[in-house]
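The values are calculated or read from the model by the stated rules, or taken from the named source; none is laboratory data. Computed from a prediction, not measured in an experiment: that's the story for all the values here. FYI the Cβ positions are ideal-geometry reconstructions off the backbone, even for glycines, and counts take in every protein chain you see.
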Amino acid sequence: MPEQRVIPMLAYEDAGRAAEWITKVFGFRETERFHDKSGTVTDVVLELEGATVMVGHPSEAYQGPRRHAQVCALARAWLETKWIVDGVAVFVNDVETHFATAKRSGAKVLTELEQDGNERKYRVEDLEGHRWMFVQRDLI
């Protein structure tokens, strides 16, 4: 498999907590963790089936999508749509099992498993409101 040349980076209010949640709920494994001088987790690199994503903590002022929606009507309206417009799409080998684990472990389900041509997929929100879509291809 070729080296991944683009790595999505998602901002979180608490990158360490987010990494632990993503590991538990979505099945990623942590490969690297970085801290600032005070010991705060600044970035965590996660991997799933050869794909990498990075979660980070940009500043104390940062608000995740769900918290920001509490004070901003436009953000609230954005979170009401169930479709992924910005977010992370992850290709997995067994979307049925992945969906069952994510749902059981606390991901907010936006759309149940659905067939779309040669793809089977579902959409969820994570603990701070970031959107994720998990897809299995070539099912026909």
Residues that are at pLDDT below 95, at least 3 per element: which helices (runs of 4 or more DSSP H) completely within the stretch 15-126 meet that? 65-69, 73-80
Candidate set: the stretch 83-120, residues that are more than 26 Å from residue 56 (Cβ to Cβ) and basic (Lys, Arg); chosen: the one surrounded by the most Cβ atoms within 10 Å (Cβ to Cβ): 120
May I ask you to list pairs of residues, at least six apart or on different chains, whose Cβ atoms are under 6 Å apart, with the first in the stretch 73-101 being closer than 12 Å to residue 132 by Cβ and the second being modelled with pLDDT of 95 or more and assigned to a helix (DSSP H, G or I)? 92/98
Suppose we keep only residues that are assigned to a loop (DSSP other than H, G, I, E, B) and aliphatic (A, V, I, L, M) within the stretch 5-14. Which one would you say is nearest to residue 123 (Cα to Cα)? 7
Cβ contacts < 8 Å: first residue at negative phi, restricted to the stretch 117-140; second residue part of a loop (DSSP other than H, G, I, E, B) and of a type in the set (D, E, K, R), any location; separation 6+ or different chain. Result? 118/138; 123/82; 128/13; 131/86; 132/126; 136/94
Residue that is surrounded by the most Cβ atoms within 10 Å (Cβ to Cβ) [pool: residues in the stretch 58-72 that are closer than 22 Å to residue 34 by Cβ and either touching a helix residue (DSSP H, G or I) at 6+ places or on another chain (Cβ under 8 Å) or in contact (Cβ under 8 Å) with a residue 24 or more places away in the chain (or both)]: 64
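Can you tell which of 111, 40, 81 is hydroxyl-bearing (Ser, Thr, Tyr) and touching a strand residue (DSSP E or B) at 6+ places or on another chain (Cβ under 8 Å)? Reasoning before the result, please.
Working: 40 fails: touching a strand residue (DSSP E or B) at 6+ places or on another chain (Cβ under 8 Å); 81 fails: touching a strand residue (DSSP E or B) at 6+ places or on another chain (Cβ under 8 Å).
Checking each option against the conditions leaves just 111.
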